[in-house]
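Just below is one structure, and these are the notes that go with it.
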Amino acid sequence: MYSLKISGTVVNPAPQTMQVAIQDIDAKATRDAQGLLHRDRVATKRKINLSFGALTVSECARILASVKAEFFNVEYLDPETGQNKSGTFYVGDRTAPVYSFVDSVPVWKGLSFDLVEQ
C-alpha cells in the first residue's frame, strides 16, 4: 500500500498534493575554457513538497508535531522507482495556514512544507 509515513505513522489526513523533486548534489561544478561543465556529483537526494486541504485544529497540530524533530524517518512513494522508499529527512519552512470556519467548525487551510532528505 502506498501511503506517506513520518516516523512510522501514516500521515492522516493525507496531503492534498505531494510533489517529489529529485535533486543532484554536487561537491563542485566548474566550466572549462570550452564551456564544458565538469561536475563532482556526490549524491542524489529527494525533496518532498506537501500541501494539505482543510484540517481540524488537532489534525494540523498533530502533523506539525510529527515534523518537529531535527531529523526523522519518512516513507513515501518514489516516482523514480515506483516503489515505497524511506529515508532520513528534515523539515523546511512551514507555511502558516489560513484559519477560518467551515460550518461553524474552526479549520486550518493551506498548510504546506518541504521535507528535505538529509
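Data table
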quantity	calculated
Estimated inter-spin distance, Val10 and Ser100, nm [label 7 Å along Cα→Cβ]	2.9
Those trypsin sites (Lys or Arg not before Pro) in region 63-117 that DSSP places in a loop and that have at most 11 other beta carbons within 10 Å	Lys68
Within the chain, longest stretch free of exposed GluC sites (Glu not before Pro) [DSSP loop, at most 14 other beta carbons within 10 Å]	1-69
Computed over region 5-117, Kirkwood Rh from alpha-carbon pairs, angstrom	15.9
Dipole in debye (nearest 20) - the chain, about Cα centre, beta carbon charges: Lys, Arg +1; Asp, Glu -1	80
Of Val74, Val102, Val20, the one that fluctuates the most in a GNM where the chain has Cα springs shorter than 10 Å	Val102
Distance between region 8-25 and region 31-97 - C-alpha centres, whole angstrom	7
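Taken together, the values in this text are just the output of simple stated rules run on the coordinates, not laboratory data. For clarity, every value in this text was computed on a predicted model and none was experimentally measured. Ideal geometry is used to build each Cβ from the backbone, glycine not excepted, and the neighbour counts take in all protein chains shown.
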